[in-house]
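Asker: Got a structure here, written out as structure tokens. Questions coming.
The values are calculated or read from the model by the stated rules, or taken from the named source; none is laboratory data. As the structure is a prediction and not an experimental result, all values here were calculated from the model. Note that each Cβ is placed from the backbone with ideal geometry, even for glycine, and that neighbours are counted across all protein chains shown. Quick note on the areas: whole protein, heavy atoms, side chains included, nothing else; ligands and nucleic acids left out. Shrake-Rupley method; radii C 1.70, N 1.55, O 1.52, S 1.80 Å.
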Amino acid sequence: MSQQNNMSNKEWPPEIEQAYERVRVLGQGAFGAVWLAKAKYTSSLVLPTEKTARACDAGENGDDDDASIESFEDDDQFDSRVSLTSPARSAADITSHDAPYVAIKCIHASKEPEIKYASREIDILSEINHPNAIRCLAHVKAPHSRLVVLTLADGPNLQQVVDVGGALSISLARLAARHLIAAVSYLHGRGVIHRDIKPDNCILMKHHHNPSYISHHDDWMTNDSLWNDKAIFDENKWKLVLVDFGLAKALTPQQVGVRQSVKQIFDRQASQHYQNKLESDEDFSDTKKNMPTSPPKRGFSFERIPIRAMSAVGTRSYAAPEVMKVRTRSCRDEALTNCVSDYGFISDSYSVGSTIKVLLTGVPADVEDVVRFVSANTNLFMDVISAIFSCGKKSKIRKKRYKFLDETPRQARELIVKLMKAKVEERLAVPLARDEPWIKGGCGVDDPVVALPEGDIVIGNSDPVVCLKCAVHH
């Protein structure tokens, strides 16, 4: 640890040393380290143990796959969060966010795309403010790197929970789905596409109402309720936090359409994808010949400019079909990668649906033959033999539980099917999913209607999108 401290001394500038007290390294990724730090000028809570806190985007193995930077552009547009680059600011001003414990991420990079992706990430995280999304509280330039102060989440990511026990408790999966949809709806209402939604980027954490509460970071692994369908998870005690905005993109007002509501934007993007199919001589020539000359029905509009030639990024097993239709970038395209595709907000819907499906079934997203997979991982004979020889003792090795989709609640299945429609024009938008029965509630007498968490700006489906300042100044 002393060696790590010596190395960090060269990277941490005086401003951040004055504002934060380093506690320990939370994780070490390919492009930099993540530290647990205590603010020196906020009200103090009981310090988490070394085994408790974990950075919001550092997994159990300390992986940090976010894009990172070596140099950055000017930060004049950051007026909603604190920048530490101004010598006029005191350490007390720097920590005015009143977060006693934070994650400080030291980011490095050498390639131009990595630099721009990391700049985008900081831009977005510095402006958004939603209880189910990670936030950037401050940032500071240092020689050959940048330090980013992030809100801290203490808990496993949902992929880790699935890897340990398989299908989650229905109550927990529903809570996670509600919070994920609330977070992504907020992002879309601010003109942001996440582009890498998956269980790995969803942190499960507890609300620590008692400041003296300190838990062992592996407690969740022995918590049988996480996989018990009879367990009930209180949304006042648990929450999901969406992390890793390394591939996120904030769209400009011109890209989303000035004064367009959330619903209108999704209708437009669906219709444009539909039109692109008709204009493609290569894949849809037969469809083009047989299409009626009358305009399509509700939900289609051709007057808006499409979101074309965006970087084809994300995780393959969770990416929407239209994202996977990759072509080579032309000289006119502004994408950061050589591979581009045409898509919009609606692509996040597919990733959300795929994530919820994994949480409910425990089956990996890239498994095509579910029956064979479940059969190969379910051996009733060995279960009986194991139970006999265990003599009633509880095994230390948890057996994973897998489900077929038709074993999950009907309303949940219907939601997943709607979110994962292959055709863009048929796919349900994430903001509109807030009104689905399994998300909104009211499926029965004992199923109350719930209000989803909201951010700093409440955006309904009929309200105009409020683009981020970093996109407006783009």
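Asker: Go through (1) open to solvent by less than 70 Å² (accessible area, probe 1.4 Å); (2) out of contact with any helix residue (DSSP H, G or I) (no Cβ under 6 Å at 6 or more places or on another chain); (3) in a helix (DSSP H, G or I); (4) over 28 Å from residue 191 (Cβ atoms) and name the single condition residue 471 misses.
Answerer: Unmet condition: (4).
Asker: When the residues of the stretch 215-242 are narrowed to those that are open to solvent by less than 30 Å² (accessible area, probe 1.4 Å) and at pLDDT 90 or above, which ends up farthest from residue 196 (Cα to Cα)?
Answerer: This residue is 231.
Asker: Could you tell me whether residue 154 is farther than 22 Å from residue 452 by Cα and open to solvent by 10 Å² or more (accessible area, probe 1.4 Å)?
Answerer: No; evaluated as a whole, the condition is false for this residue.
Asker: If you check residue 147 against the conditions, is it under 23 Å from residue 441 (Cβ atoms) and open to solvent by less than 10 Å² (accessible area, probe 1.4 Å)?
Answerer: no
Asker: Suppose we filter the stretch 157-200 for residues that are open to solvent by less than 10 Å² (accessible area, probe 1.4 Å) and in contact with a His (Cβ under 8 Å, 6 or more places away or on another chain); how many remain?
Answerer: Going through the stretch 157-200 one residue at a time, the tally reaches 4.
Asker: Right, something else. What are the residues in the stretch 105-126 that are modelled with pLDDT under 75 and among the hydroxyl-bearing types (Ser, Thr, Tyr), if any?
Answerer: Listed by number, the list holds a single entry, 110.
Asker: Moving on. Among the residues of the stretch 322-363, how many are out of contact with any helix residue (DSSP H, G or I) (no Cβ under 7 Å at 6 or more places or on another chain), open to solvent by 10 Å² or more (accessible area, probe 1.4 Å) and either among the β-branched types (Val, Ile, Thr) or closer than 23 Å to residue 200 by Cβ (or both)?
Answerer: 5
Asker: What number of residues within the stretch 154-189 are modelled with pLDDT of 95 or more and not in a helix (DSSP H, G or I)?
Answerer: Looking only at that region, the number is 4.
Asker: Name every residue in the stretch 2-34 that is open to solvent by less than 80 Å² (accessible area, probe 1.4 Å), at pLDDT 70 or above, outside any loop (DSSP other than H, G, I, E, B) and out of contact with any Leu (no Cβ under 6 Å at 6 or more places or on another chain), in order of residue number.
Answerer: 17, 19, 20, 22, 25, 33
Asker: Related question: Are there any pairs with C-beta distances below 6 angstrom linking a residue in the stretch 236-248 that is in a loop (DSSP other than H, G, I, E, B) to a residue that is among the polar types (S, T, N, Q), with the two at least 6 apart or on different chains, and if so which?
Answerer: 243/201; 244/201
Asker: Next question. Just the residues that are modelled with pLDDT under 80 and of a type in the set (Asp, Glu), please, taken from the stretch 334-351.
Answerer: The answer is 334, and nothing else.
Asker: How many residues does the stretch 429-458 contain that are assigned to a loop (DSSP other than H, G, I, E, B) and either open to solvent by less than 30 Å² (accessible area, probe 1.4 Å) or in contact with a strand residue (DSSP E or B) (Cβ under 6 Å, 6 or more places away or on another chain) (or both)?
Answerer: The number of residues fulfilling the criteria is 6.
Asker: If you go through the stretch 378-408 one residue at a time, how many are at pLDDT 85 or above and open to solvent by less than 60 Å² (accessible area, probe 1.4 Å)?
Answerer: 4
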